[in-house]
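What follows is one structure encoded as structure tokens, with my remarks underneath.
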Amino acid sequence: MSTAARSGIRFADRIHAIQESPTLAVMNRAAALTASAVAVADFGPGEPDFATPRHVGEAGKRAIDQGFTKYTNASGTKALRDAIAARYNRRYDTRLATENVITGSGGKQELFNLMLALIQEGDEVIIPVPYWVSFPDQVAFAGGKPVFAQTDPENQYRPRFEDIAAVATDRTRAVIINSPNNPTGAVIAESDLARIVEWCVARDIFLIYDETYELFVYEGRHASAIAWFNQHPENVIVVNSMSKTFAMTGWRLGYAIAHKDIISMLGKIQSHSTSNPSTISQAAAVEALNGDDTEVQRMFNAYSERRAWLVPALNRIAGFCCADPDGAFYVFPDINAFFGRGPVRDSTTFASFLLDEARVAVVPGAAFGQEQGVRISYATSMERIREGVSRIEAAVRKL
Ligand SMILES: Cc1ncc(COP(=O)(O)O)c(C=O)c1O
């Protein structure tokens, strides 16, 4: 039943285009159990378990002490936009300038604004499955239609050019690729990315490339769509965030890189909604981007060690089939061998079962458009990972 029917309050049609996440029930229950002092092994979180690097936090404190606490330009300070441009220019030989960068309250905000700026009623946007939860709802909220491209678990869910091309129509306006991927950890092959970029350019549509987890790639190399920006600035858009790379989720600072005309439209939207991201967070972000990546490397090493332990440990549990994802801090094992056993019918009932029987919280694949898996985050300590896995093992033996 809709909220409108319950209360009689009339809402705008657009709010009915989006839904609350289907996983909310399980996640809320995990939170309630934790609040009532039940020790839940929580594999749910999509955020680093590390503190923000000290020197970055100090820069935020300094900003407060120095009275750097007023509004800034709605798209962010020149210092921050230039620091982002310079970091990309150093790494990718791009020629980005201030006007190619906008900063906002999280990468999520820039993705949301991109949909509002680029997608019209009825436009189709191709999204590979499994997808990050917000993509389809952001497209739908803008009036567009999410069109899902299937990926192959045998290929670790890496999106391939053929998967994307197979679902294109003449209404296709954009493709969203997220690599490394949330929830699977999949990293797109550079050759597929190259073909997707060229194909987008040939059709004159947008490639929106979300590289929020860019620095957490354990096997092979991260391919960034920014490498094609010099040649195709009207088609290639990159979204990134301070959240995961620098363990700054709560600071709410993300950004988009695009043609200056696109950035100016995003700025227009932002100027009438949130205005600038927190001034204090901007000062901290400048410090993070201009500093060295020692802390990032430390987090990388820890994730890498956990992943090396976790994947074989899950595969030793009968019924689990876990690919070795190349990046991010998630694994997405297949659990469909358990369907039809005990109360388990799908990913949501499997997650409920783990919560009830093992006090382990995972996110059902249904949230990401893929029923046959669950997302397990290893952004939690090695000790908790070991404990959680042994509890899962004991619980599924009862099925
Ligand atoms: C794939 C992906 N994109 C974007 C975001 C948004 O991050 P933020 O809004 O914290 O910058 C997230 C956060 O979980 C994510 O996983």
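The values are calculated or read from the model by the stated rules, or taken from the named source; none is laboratory data. It should be emphasised that the depicted structure is a prediction, and the values quoted were computed from it without experimental measurement. No Cβ is skipped: glycine too gets one built from the backbone with ideal geometry, and neighbour counts run over all protein chains shown. Each accessible area value is taken on the protein alone, full model and side chains, heavy atoms only, with ligands, DNA and RNA left out. Shrake-Rupley method; radii C 1.70, N 1.55, O 1.52, S 1.80 Å.
Are any of the residues in segment 126-133 open to solvent by less than 10 Å² (accessible area, probe 1.4 Å), closer than 24 Å to His259 by Cβ and not assigned by TED's automatic domain parsing to the domain that holds Ser377? For segment 126-133, residues open to solvent by less than 10 Å² (accessible area, probe 1.4 Å), closer than 24 Å to His259 by Cβ and not assigned by TED's automatic domain parsing to the domain that holds Ser377: present. Are there any pairs, at least 6 apart or on different chains, whose C-beta atoms fall under 9 Å, with the first in segment 303-328 and not assigned by TED's automatic domain parsing to the domain that holds Thr380 and the second surrounded by fewer than 18 Cβ atoms within 10 Å (Cβ to Cβ) and aliphatic (A, V, I, L, M), and if so, which? Correct list of pairs: empty, since none qualify. Out of the residues in segment 121-141 that are within 15 Å of the chain's Cα centre (by Cα) and in a loop (DSSP other than H, G, I, E, B), which is nearest to the ligand (Cβ to nearest atom)? Per the stated criteria, the residue is Trp132. Of the residues making up segment 53-70, one or more are at pLDDT 95 or above, open to solvent by 20 Å² or more (accessible area, probe 1.4 Å), away from the ligand (no atom under 16 Å from the Cβ) and hydrophobic (A, V, I, L, M, F, W, C). Here Ala30 does not qualify as over 24 Å from Leu266 (Cβ atoms), open to solvent by less than 20 Å² (accessible area, probe 1.4 Å) and assigned by TED's automatic domain parsing to the domain that holds Trp132. Residue count for segment 159-183 under the criterion of being surrounded by 16 or more Cβ atoms within 10 Å (Cβ to Cβ) and more than 16 Å from the ligand (Cβ to nearest atom): the result is 9.
Restricted to segment 95-120, and to residues there that are of a type in the set (A, V, I, L, M, F, W, C) and open to solvent by 30 Å² or more (accessible area, probe 1.4 Å), the residue that is farthest from the ligand (Cβ to nearest atom) is Ala97. Residues in segment 71-92 that are open to solvent by less than 50 Å² (accessible area, probe 1.4 Å) and either outside any helix (DSSP H, G or I) or not assigned by TED's automatic domain parsing to the domain that holds Met248 (or both): Thr72, Ala74, Ser75, Gly76, Thr77.
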